[in-house]
Structure formats: C-alpha cells, structure tokens
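What follows draws every value from the coordinates through simple rules; no lab data is involved. These numbers were taken from a predicted model, which means no experiment stands behind them. Here the Cβ positions follow ideal geometry from the backbone for every residue, glycine too, while neighbour counts run over all protein chains shown.
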Amino acid sequence: MTETMPHPAETDRVVRPSQASVFETLEVAARVVVPTVAVGVVKRRPLMMALAERFQVDRSAIRLLQRLRDDHGSRPLRLAVPGRTIVVLLSPDDVARVLAETPDPFSPDTVEKHAALGKFQPHGSLVSRNRPRRERRRFNEAVLEEHRPLHHLAAPMLARINEECDHLAEEAQAAGRLDWRRFQRSWNRLVRRVVFGDAAADDRAVTAALNALRRSANWAYLTPRREQIREALTERLREYLDRAESGTLAAAIAREDPDPAVHPADQVAHWLFAFDAAGMALMRTLALLAVNRGHRHVARCELGASAPDLPEELPYLRACVLESLRLWPTTPLLLRESTTETRWGPETLPEGTSFVIYTPLFHRDRERLPFADRFSPDVWTDGTAEADPALVPFSGGPARCPAENLTLFTVTSALARLLRHGEYRLASGHPLYTGRPEPATLDPFSLSFNTTAM
Ligand code: HEM
C-alpha cells in the first residue's frame, strides 16, 4: 500500500490531525464546492461563468486548500460532514495513487456522479462498476482508439473539420468578429458530423435534447429524471448509429461487436457532452495565442511546415491546447468512492469514503510549479508535465479519458484551420494580458476576437 509523502511544512512544525474543523469544512463548501457546482458541472451556465471570472473563484479555492495543507499537512483531509466520510486530497502522490488504483478500490462511480450523469447516460462508463464497467471501458478504448495519436478515420474527420472551420472563418471575417455564439453553432455542427456524419449536420434538435438533460443533470438528485426526453434522445442516437455513415465514429462503432452491457447510445451521449469541453479548450487556446505573440509565432511556423489537408499531430499546437487545459481544467473535480477500507499512513478510511481531487490546486500550485500561472506549452513537450502525476487535465490511470488523442486531434486541427485563415485579436473586456500571470478563472463564453484575413 502506498504511503503518503510528508509535505515540507510537516517536517519543521507540529501538524494538526488531518481532520478539518466544522468551520474549515464550511470554508471548503463555500469556496471550492459551491462555486464549482454553481457554474454547472455537467452543463456550464454562462451567467455564472461570467460571475466566476469576475470574482476569480478558482484563486480563492486554491488559496484555501494551500492554507489547509500548510495547517494540516498533506495527508487526505477529512471534512466534518455528518454521516459520510469525505476527504480532500492535498498531495500529488495521493492523487497518483487514487487515479492509478481505479476502479478498485477507488471507483469513479460515485453517488454524485451517478445522480448527475445517470440523467442522460445511465449506462455510461464512468457511472458503472464491475463487468459492465469493464465492457464499456473496453468499447470506448477500442472505438476512440485511445492509444493512437491519429485515429484511423483522421482523414475523413479532418475533411469535415476543415469544411466547418472554413465556413466559420469566412463568416467571422465577414462580420469582423468571432464570438462564442458563432463558434458554438459551428462547433456543434462539426461534432455531429464527426460523430454521426453529414446527415446530422443540421440536427440541432439532438444537441438541444441532450442539453436539456444536461441542465437537469447539473442538479443531480435534486430534480427528477426526464425519462421521456431521454428515451427520445436514445432512439435518435440509435438511428444515427444504425446508419453508420462512412468515415465517422458511428462507422467505427459498426465495426465493433459490443457486449449487450455496453449500450453504445449511452457511450455516445457522453461523447457529445464531452466535446463541449473541447470547444471551450479551443476558444481559450485561441485567446492565449492572441495575447502571446512569441508562442503564436512558433505555432504559425509549425503550420507553415505542415500540409493543410493531411492529418498531422502538430505537436506544438497540441501542447498549447493541453496547456490551456492545465490552466483552466474543464473537469476541475475528479471524484472517487472507495469499495473497501483503505490505509493512509497511520490512518484507515472506511469503505464508501468519497475522495475529492480539485485539479486547479495541483495545476496552479505556485509552491510547487515555477510555471504555475504562466502559459508554458513547453512543459507538455519537454517531459515536465509527464513527470508530474498531478497535472491531469484528462485524468490518469485506468479511467483516464480514452478520447484524449482524438480530442487533441480534433481541437488542434480546427485551431490550425482557423489560424490559417487569419489573425485573431482579443476584443476588450477579458482578463488576459501579455506578460501577466494567467487569471485563475477564464470564462470561455465571453471571449470574442476581432478577425482579419491573412
Ligand atoms: C477537452 C476535452 C476533454 C477533456 C478535458 C476530458 C477529460 C476527461 C476526464 C478528466 C475524464 C476522467 C474523469 C475521471 O477520472 O473521473 C474523462 C473520461 C472520459 N472521457 Fe473525456 N475529456 C474530454 C473530451 C472527451 C471526448 C470528446 C470524448 C469522446 C469522444 C471523451 C470520452 C470520455 C470517456 C468515455 C470517459 C470515461 C472513461 C472511463 O469511464 O474510464 N472525452 N474525460
């Protein structure tokens, strides 16, 4: 069993037990949990995101957890919650352990996740256990081609990505502006085409139905399930999967012969939901490149040396996308629930303990990372990020996102296409400035760019 490494603060002073007081627990609730839940865990709420940016809520959460780590040491911090054992992880080693020892004894299928994701993907991989989880995970890994930087369908995918981005760039240039609304319309079309094919390009109803369920999922067990909408959505997804248009993920599914426990439509509902995060990462990366001339120059050089119509990895641009996800992780809370008793140094935590990993603490830890608040894409190519078990925008271990490669390919290719069309200057009213520390919270929905042709 892994032992927890002591935090430097523990070696030169007396450490209080790793039990938070009631007041400290209320602070964690008010400064970490409430803001994260308020912005919408499953479907972001634009108004709340704007407020979160205004008050830089992630900074306050990070500072609180750093203070608690100084006061209590870095062992899992038990919150004072009656009737449940909930601990917050404060050390990178513990993050590494919990992610590596997933799904047993640390199951990703937690009470909260089950209540939320169950509203639109009751058979989703993340909300499953035992054999169904194994089959669903295996299916996702196979169809999404977890270990291949370029999916075997990368070429037909790229053709669709390029068409959508050409159209978006032309529209934005005609209007002189690229904003979230315009971007989102194109992004949703692009996602439907990559997943289902051209027949779904204009099927906004399918996205709207999923969004309605996701809004309800934000409230987890506080609102009832909307079974009628879910059944209609599942039916629609099945129709697209049966059609299996060539060159799409639906066609990749058709090559599989999944176990009946898999429920492919539920896995696909997760994919459509998760592509939203990819869109946010794209807009944030575009913003970072807009204010960082040096990095923009390197990215443009990489584009200059590559062919626009051939699928390529584009390692530098890919690192920029990963870096935007380090700075602003789209899954800020990684949750696990233990299936047995677990030992943590001198302490034992009971079966059913909830483990909370708040990733911004580790991604933006000024006490550990010299580049914490700086846009530093190089950490993703020089081995720095790889060596740090707590830099986990796509999670880690056996529940790591199986679509990391596919997502990075899609976002990087779309970004590349947009950059080939023109220049993007950030319009005013955002918190990003050249040479200043990056803000802890960045609302993607209020980003907008003045665009000009190359
Ligand atoms: C920027 C975009 C994305 C990010 C940052 C991201 C991140 C993550 C993270 C952090 C997890 C693991 C959660 C945990 O450990 O509890 C996860 C799981 C998963 N993601 Fe992604 N994801 C993204 C996009 C996608 C896309 C586009 C797809 C599908 C096409 C996808 C498919 C999945 C699946 C199926 C799982 C569940 C894995 C399991 O149950 O073991 N993700 N993702």
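Between Gly422 and Met454, the built amide H atoms are under 5 Å apart, and every one of these is 5 or more places off in sequence or on another chain. With a ≥ b ≥ c taken as the square roots of the eigenvalues of the C-alpha gyration tensor of region 318-428, please select rounded if a/c is under 1.5 and otherwise prolate if a/b is larger than b/c or oblate if it is not? Prolate, since a/c reaches 1.5 and a/b exceeds b/c. For region 404-445, the square roots a ≥ b ≥ c of the C-alpha gyration tensor eigenvalues yield an a/c of 1.5 or more together with a/b not exceeding b/c, which makes the shape oblate.
Sorted ascending by nearby beta carbons within 10 Å, beginning with the fewest, Glu235, Glu256, Glu146 become Glu235, Glu256, Glu146.
The spread of Cα positions in region 68-225, taken along each principal axis and listed from longest to shortest, comes to 56, 36, 35 Å.
Sorting Met48, Met157 from the fewest to the most surrounding beta carbons within 10 angstrom yields Met48, Met157.
When the gyration tensor of region 8-453 is built from Cα positions, what are the square roots of 5 times its three eigenvalues, in whole Å, from largest to smallest? It would help to have the intermediate numbers written out before the result.
Details: eigenvalues 234, 153, 79 Å².
Semi-axis lengths for region 8-453 are 34, 28, 20 Å.
Kirkwood analysis of the Cα pair distances in region 379-437 returns a hydrodynamic radius of 14.7 Å. Amide H to amide H, with H built 1.01 Å from N, Ile86 comes under 5 Å of Leu79, Val81, Ser354, counting only residues 5 or more places away or on other chains.
When you restrict to C-alpha pairs under 8 Å that are six or more residues apart and normalise by the size of the chain, the relative contact order lands at 25 percent. The amide H of Ser448, built 1.01 Å from its N in the peptide plane, has Ala427 as neighbours under 5 Å, considering only residues 5 or more places off or on other chains. In this Cβ point-charge picture (+1 for Lys and Arg, -1 for Asp and Glu), region 79-235 has a dipole of about 520 debye about its Cα centre.
Which whole-angstrom value gives the distance between the alpha carbon centres of region 390-427 and region 221-258? Here the answer is 24 Å between Cα centres. Here the contact order of region 306-379, divided by its residue count and restricted to Cα pairs under 8 Å and six or more residues apart, works out to 33 percent.
Among Cys401, Cys320, Cys301, Cys165, sorting on how many other beta-carbon atoms sit within 10 Å of each Cβ, with the fewest leading, yields Cys301, Cys401, Cys165, Cys320. Principal axis extents of the C-alpha atoms in region 270-356 (largest first, rounded to whole Å): 56, 29, 20.
Taking every C-alpha pair closer than 8 Å and separated by at least 6 residues, the mean separation divided by the residue count of region 79-148 gives a relative contact order of 16 percent. The angle separating the long axis of helix 315-327 from the principal Cα axis of greatest extent in the chain is about 40 degrees. Hydrodynamic radius of region 139-217 by the Kirkwood approach over all distinct alpha-carbon pairs: 14.2 Å. Dividing the alpha-carbon radius of gyration of region 85-133 by the rule-of-thumb value 2.2 N^0.38 Å gives 1.26. Each 10 Å bin from 0 upward holds the following percent of the Cα-Cα pairs of region 219-296: 15, 31, 26, 19, 9, 0. Sorted from greatest to least, the principal axis extents spanned by the alpha carbons of region 215-255 come out as 41, 17, 13 Å. Helix 154-175 axis versus longest C-alpha principal axis of the chain: approximately 80°, rounded to the nearest ten.
Computed from backbone phi with θ = phi - 60° and the Karplus coefficients 6.51, -1.76 and 1.60, the 3J(HN,Hα) list for region 255-268 is 6, 8, 10, x, 4, x, 6, 6, 6, x, 4, 5, 5, 5 Hz; x is used for glycine and proline. Of the trypsin sites (Lys or Arg not before Pro) in region 47-151, the ones in a loop by DSSP (not H, G, I, E or B) with at most 14 other beta carbons within 10 Å are Arg84.
Using θ = phi - 60° in the Karplus curve 6.51 cos²θ - 1.76 cosθ + 1.60, the 3J(HN,Hα) couplings for region 43-58 round to 9, 4, 9, x, 5, 5, 5, 5, 5, 4, 5, 4, 9, 6, 5, 5 Hz; x is entered for Gly and Pro. Counting DSSP beta bridges in the chain, what percent are antiparallel, to the nearest 5? Expressed as a percentage, antiparallel bridges in the chain total about 85. Applying the Karplus relation 6.51 cos²θ - 1.76 cosθ + 1.60 with θ = phi - 60° to region 223-239 yields 3J(HN,Hα) values of 10, x, 5, 10, 4, 4, 5, 5, 5, 5, 5, 4, 4, 5, 4, 4, 4 Hz, where x marks Gly and Pro.
Between Tyr433 and Asp257, the simple spin-label model (points 7 angstrom out along Cα→Cβ) gives 6.3 nm. What separates the Cα centres of region 351-384 and region 50-111 is a distance of 13 Å.
Seen through its C-alpha gyration tensor, with square-root eigenvalues sorted a ≥ b ≥ c, region 153-301 comes out prolate because a/c lies at 1.5 or above while a/b is bigger than b/c.
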